[in-house]
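The values are calculated or read from the model by the stated rules, or taken from the named source; none is laboratory data. Quick caveat: nothing in here was measured; it's all calculated off a predicted structure. Every residue, glycine among them, receives a Cβ derived from its backbone with ideal geometry; neighbour counts consider all protein chains shown.
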Amino acid sequence: MRGAPPQQSRDELERSVEDFVAHLVGERRASAHTVAAYARDLTQLRDFMRQHARGPTQLAHVTKLSLRAWLGELAQRCAPATLARKIAAVRALFNWLQRTGTVRKNPAELLATPKVRRKLPMFLSVDAAEQLMSATDALPATTSDAERLRDSALLELLYGCGLRVSELTSLDVEDVSFPDEQLRVLGKGRKERVVPLGSKAHAALSAYLARRSELSHPRTGFCDARALLLSRRGRRLGVRRVQVLVQRYGAFAAGRPDLHPHALRHTCATHMLEGGADLRAIQELLGHASLSTTQRYTHLSMDQLLRVYDESHPLARLSRVIARRPPRD
């Protein structure tokens, strides 16, 4: 068509990015969020290189200097955490190209990763968590009994089993084994793990499944035969709807309108740690590939930290002895 801009031919960098994304999907079985983020980051790099290259972008054009120029431009509008992810995407691309023999060096290997300040994750106290779990009993009369039971099961699975919201919404009815008291969960990277089903979650799920059919579509009668958690129209409950429900119950029961599903997962890990659970056991429950990831999700409460200090520090023990001495006349 006359006047249309000429199409750019696919250069070496673009082909490599497409092949790497296909590798992430087909061989690494990376999550959809990881694939989308890496594809977006590497496409931005390709566009930057095209703007500054005089001809088709070759892999040899991507150097440490060109990457620093790209990151310097991004730093004006991106947070350190975003820059760190983009560096990780480029490193992963060139590590893969090294393994396949396409390139000899990784230009991103010596790039300095910006320091990312990790915020203390949100978690609930034991009392607040207990109030949240019983919040469905105090809902307005406009909510059906089947929805109340579903929401109760939903909250128990997030808190009691420490599930990610994506793991929760992908559960099927056949993934629940009541005799074995366990769930079959498909986690990140499509890795399957078995999660114990506690007594509270067991009871909540049993009550919900007895009324699950009432959530079929009011007009068509449609009801997803596989999905565990259903919407009021008989379809699989989505991630966004779960987020809205958790926010609603957080504001209603715990005074936390900012509550999100991942906070319940972190609350589960925190309470288990405070109860004496081994860090490795928590790692298995949460489905973390690395123990260092689990350590980021778990922390000691201030009360427990003070208790350990009082029992262990010599000056703390001395102060207790002095406090117990009777006053002099």
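For every residue, the table says whether it meets (1) touching a residue at least 12 places away in the same chain (Cβ under 8 Å); (2) assigned by TED's automatic domain parsing to the domain that holds GLN283; (3) surrounded by fewer than 17 Cβ atoms within 10 Å (Cβ to Cβ).
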residue	(1), (2), (3)
ALA135	yes, yes, no
LEU149	yes, yes, no
ASP172	yes, yes, yes
VAL176	yes, yes, no
PRO179	no, yes, yes
ARG184	no, yes, yes
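Does region 167-183 include one or more residues that are in contact with a strand residue (DSSP E or B) (Cβ under 6 Å, 6 or more places away or on another chain), over 24 Å from HIS266 (Cβ atoms), assigned to a helix (DSSP H, G or I) and not small (Gly, Ala, Ser)?
For region 167-183, residues in contact with a strand residue (DSSP E or B) (Cβ under 6 Å, 6 or more places away or on another chain), over 24 Å from HIS266 (Cβ atoms), assigned to a helix (DSSP H, G or I) and not small (Gly, Ala, Ser): absent.
Please verify whether region 245-255 includes one or more residues that are over 13 Å from LEU158 (Cα atoms), assigned by TED's automatic domain parsing to the domain that holds GLY187, out of contact with any strand residue (DSSP E or B) (no Cβ under 9 Å at 6 or more places or on another chain) and outside any helix (DSSP H, G or I).
The answer is yes, given that some residue of region 245-255 is over 13 Å from LEU158 (Cα atoms), assigned by TED's automatic domain parsing to the domain that holds GLY187, out of contact with any strand residue (DSSP E or B) (no Cβ under 9 Å at 6 or more places or on another chain) and outside any helix (DSSP H, G or I).
Take ALA153 and tell me if it is assigned to a helix (DSSP H, G or I) and either surrounded by 18 or more Cβ atoms within 10 Å (Cβ to Cβ) or touching a residue at least 60 places away in the same chain (Cβ under 8 Å) (or both). Outline the logic, then answer.
On the way: assigned to a helix (DSSP H, G or I): yes; either surrounded by 18 or more Cβ atoms within 10 Å (Cβ to Cβ) or touching a residue at least 60 places away in the same chain (Cβ under 8 Å) (or both): yes.
Yes, satisfied.
If you scan region 271-315, which residues turn out to be at pLDDT 65 or above and either among the small types (Gly, Ala, Ser) or at positive phi (or both)?
Hits for region 271-315 are GLY275, GLY276, ALA277, ALA281, GLY287, ALA289, SER290, SER292, SER312.
Which count do you get for residues in region 119-132 that are out of contact with any Phe, Trp or Tyr (no Cβ under 7 Å at 6 or more places or on another chain) and part of a helix (DSSP H, G or I)?
The number of residues fulfilling the criteria is 5.
Do any residues in region 46-60 that are more than 14 Å from LEU74 (Cα to Cα) and of a type in the set (Ser, Thr, Tyr) have Cβ atoms under 6 Å from those of residues that are surrounded by fewer than 18 Cβ atoms within 10 Å (Cβ to Cβ) and at pLDDT below 90, where the two are at least six apart or on different chains, and which pairs are they?
Pairs found: THR57/ARG50.
Could you check region 253-288 and list, in sequence order, the residues that are without any contact (Cβ under 8 Å) to a residue 12 or more places away in the chain and within 18 Å of the chain's Cα centre (by Cα)?
GLN283, HIS288, listed by residue number.
Hey, does region 203-220 have a residue that's under 17 Å from CYS161 (Cα atoms), crowded, with 18+ Cβ neighbours inside 10 Å and out of contact with any Leu (no Cβ under 7 Å at 6 or more places or on another chain)?
yes
How many residues are farther than 16 Å from ASN106 by Cα and in contact with a Leu (Cβ under 7 Å, 6 or more places away or on another chain) when one looks only at region 47-69?
Result for region 47-69: 2.
Output yes when any residue across region 175-194 is in contact with a Cys (Cβ under 9 Å, 6 or more places away or on another chain) and over 22 Å from ALA254 (Cβ atoms), and no when none is.
The answer is yes, given that some residue of region 175-194 is in contact with a Cys (Cβ under 9 Å, 6 or more places away or on another chain) and over 22 Å from ALA254 (Cβ atoms).
Go through (1) without any contact (Cβ under 8 Å) to a residue 40 or more places away in the chain; (2) surrounded by 15 or more Cβ atoms within 10 Å (Cβ to Cβ); (3) within 15 Å of the chain's Cα centre (by Cα) one by one and return the number of the condition ARG248 breaks.
(3)
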